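Here the structure comes first, spelled out in structure tokens, and everything after it is commentary.
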Amino acid sequence: MPAIHPCLYLLLLSAAVGLGLPGGALVVGAGALFGPGLGLLTVLIAQAIGLLLNWRLCRGLLRPKMERWLARTPKARRLEPLIGQPAGLKFLLLLRLALIPMNLVNAGCALGPTRLQPYALASLALIPRFALMVLAGATGAESLRGNLSPLSLTGRWVAVAASAAVLLRLARRLQFGENRNTTETRQQEERLP
């Protein structure tokens, strides 16, 4: 039995995500404490609650504080397109697949005119990342306990490599489609009198 109940862990992770705190160690820890299945379920529910909480806080109560924080954070300047205009689903998917800190993306989306629906849909792209992080935690904990067979370890590494390849291909496909649309738009604008 883990040292902490999954529901309590879920609340802790939800609060961390909701307040914009880094939660990567908590995601890996869920795998180490609860194993890959329950760990992933705990993380997915906590992340969904936390992202919604973060959205509401950034749009309301913490908006002035977040605007000041983003104004003085150099990395945040990269997110000015999010704050100035609504972001489309493709752009949000690319942001979610990139290794940009989630708290910056969350704050940028919430402070700008981006709607909750595309933001929430694009957040589903985080599931493979969370699955890999939880699997890493579970694998590490099992190997420390001596419960991991070489065959199981090999299977997990194959799953990690396949997931990474699929994510990379998806990101490239989205980026190529975005570049192609930009080029086509530019060519159409050049043809106008």
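The values are calculated or read from the model by the stated rules, or taken from the named source; none is laboratory data. In this text the structure is predicted, and so the values were computed from the model without any measurement. Heads up, the Cβs are rebuilt from the backbone with ideal geometry, glycines too, and the neighbour counts pull from every protein chain shown. What goes into the accessible areas is simple: the full protein's heavy atoms, side chains included, and nothing from ligands, DNA or RNA. Shrake-Rupley method; radii C 1.70, N 1.55, O 1.52, S 1.80 Å.
The residues of the stretch 20-132 expose on average 50 square angstrom of accessible surface per residue, using a 1.4 Å probe on protein heavy atoms. Between LEU53 and SER149, the modelled label-to-label distance comes to 4.0 nm, taking each label 7 Å out from Cα in the direction of the beta carbon.
Were the residues from ARG68 through SER163 laid out at 0.36 nm apart, the gain over their Cα-Cα distance would be 30.4 nm.
Rounded to two decimals, what ratio of Rg to Rh does the stretch 16-70 give with C-alpha atoms and a Kirkwood Rh? Radius of gyration relative to Kirkwood radius: 1.11. A 1.4 Å probe, protein heavy atoms only, puts the accessible area of TYR9 near 20 Å². The order of the peptides 29-40, 59-70 by mean Cβ neighbours within 10 Å, most packed first, is 29-40, 59-70. Ranked by the mean number of other Cβ atoms within 10 Å per residue, highest first, peptides 126-133, 148-155, 93-100 order as 126-133, 93-100, 148-155. Here the label points at LEU19 and GLN117, each 7 Å from Cα along the C-beta direction, are separated by 3.4 nm in the simple model.
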